[in-house]
Amino acid sequence: QQPVQSPQAVILREGEDAVINCSSSKALYSVHWYRQKHGEAPVFLMILLKGGEQKGHEKISASFNEKKQQSSLYLTASQLSYSGTYFCGTDLNFGNEKLTFGTGTRLTIIP
Amino acid sequence: GAVVSQHPSRVICKSGTSVKIECRSLDFQATTMFWYRQFPKQSLMLMATSNEGSKATYEQGVEKDKFLINHASLTLSTLTVTSAHPEDSSFYICSASGSRTSGTDTQYFGPGTRLTVL
């Protein structure tokens, strides 16, 4: 079952913050976050492996809730380069490596 | 970071012909490679998983005789779309994961191949 992401789309002004959610109906082993720009391949942002884990990468961070069925991606002080579609990739089984990607969130940053 | 290449980046072919797409991991050995298809404004849909030296595992609804996958080495996987039809037009993306110094199972994506079948 495909994870559901919210919101589907969001438009922000440069410098504003955004939160993107990824919800699964099943418990997850790990969550992977990617950003894809139009016509390009997805670019890996980060992976979360443990319930309750939080990670940060410059002004982009993410959390993975204790019940391991939801993850959120936080973008602070957004930059124009943050524009793109964000996907969460979810892994249901340890060692399987197969990811099921969420519905996607299109983020547009305007000056 | 890990580099995955794909070739060709864009291909236009006539209906009924076959098209081969190559996916290479350039700086690491990919024990597993994945093939995805992505329609405009939609998510990535996994087609198949391939491991070096063994048969690919296809997702439900994906015709294995139409989408032939060969994972010939730890750095190369190929996807052949046989007897392509206009409905096969899509963006095909490969990803690779494998043993690296970091030890993660992160998938690194190739730049994708835009297939247009006339």
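The set of residues from the range A:42-62 being over 26 Å from B:Gln6 (Cβ atoms), more than 11 Å from every other protein chain (Cβ to nearest Cβ) and surrounded by fewer than 19 Cβ atoms within 10 Å (Cβ to Cβ) comprises A:Lys50, A:Gly51, A:Gly52, A:Glu53, A:Gln54, A:Lys55, A:Gly56, A:Glu58, A:Lys59, A:Ser61.
Sort through B:Tyr108, B:Tyr58 and tell me the only one that's in contact with a Lys or Arg (Cβ under 6 Å, 6 or more places away or on another chain), of a type in the set (Phe, Trp, Tyr) and either within 23 Å of A:Lys37 (Cβ to Cβ) or open to solvent by 30 Å² or more (accessible area, probe 1.4 Å) (or both). Being in contact with a Lys or Arg (Cβ under 6 Å, 6 or more places away or on another chain), of a type in the set (Phe, Trp, Tyr) and either within 23 Å of A:Lys37 (Cβ to Cβ) or open to solvent by 30 Å² or more (accessible area, probe 1.4 Å) (or both) holds for just one of B:Tyr108, B:Tyr58, which is B:Tyr58. Of the listed requirements (1) outside any strand (DSSP E or B); (2) touching a Ser or Thr at 6+ places or on another chain (Cβ under 7 Å), A:Ser78 misses just one: (2). Look at A:Lys26 and say whether it is more than 14 Å from chain B (Cβ to nearest Cβ), basic (Lys, Arg), in a loop (DSSP other than H, G, I, E, B) and buried (at least 18 other Cβ atoms within 10 Å of the Cβ). It is false that A:Lys26 is more than 14 Å from chain B (Cβ to nearest Cβ), basic (Lys, Arg), in a loop (DSSP other than H, G, I, E, B) and buried (at least 18 other Cβ atoms within 10 Å of the Cβ).
Return yes when B:Arg114 is within 12 Å of the chain's Cα centre (by Cα), open to solvent by 60 Å² or more (accessible area, probe 1.4 Å) and basic (Lys, Arg) and no when it is not. When the stated conditions are applied, B:Arg114 passes them.
Scan B:Lys41, B:Lys55 and give me the residue that is within 13 Å of chain A (Cβ to nearest Cβ), without any contact (Cβ under 8 Å) to a residue 12 or more places away in the chain and out of contact with any Ser or Thr (no Cβ under 7 Å at 6 or more places or on another chain). I'd like the intermediate steps shown before the answer.
Working: B:Lys55 fails: within 13 Å of chain A (Cβ to nearest Cβ).
Testing whether each residue is within 13 Å of chain A (Cβ to nearest Cβ), without any contact (Cβ under 8 Å) to a residue 12 or more places away in the chain and out of contact with any Ser or Thr (no Cβ under 7 Å at 6 or more places or on another chain) leaves just B:Lys41.
Out of curiosity, is A:Ser78 among the polar types (S, T, N, Q), open to solvent by less than 70 Å² (accessible area, probe 1.4 Å), touching a Leu at 6+ places or on another chain (Cβ under 7 Å) and touching a residue at least 12 places away in the same chain (Cβ under 8 Å)? Yes; evaluated as a whole, the condition is true for this residue.
The values are calculated or read from the model by the stated rules, or taken from the named source; none is laboratory data. All of these numbers come straight from a predicted model, not from anything done at the bench. Quick reminder, even Gly has a Cβ in these numbers, built from the backbone with ideal geometry, and neighbours come from all protein chains shown. In case anyone asks, the SASA skips ligands and DNA or RNA and just uses the protein heavy atoms, side chains included. Shrake-Rupley method; radii C 1.70, N 1.55, O 1.52, S 1.80 Å.
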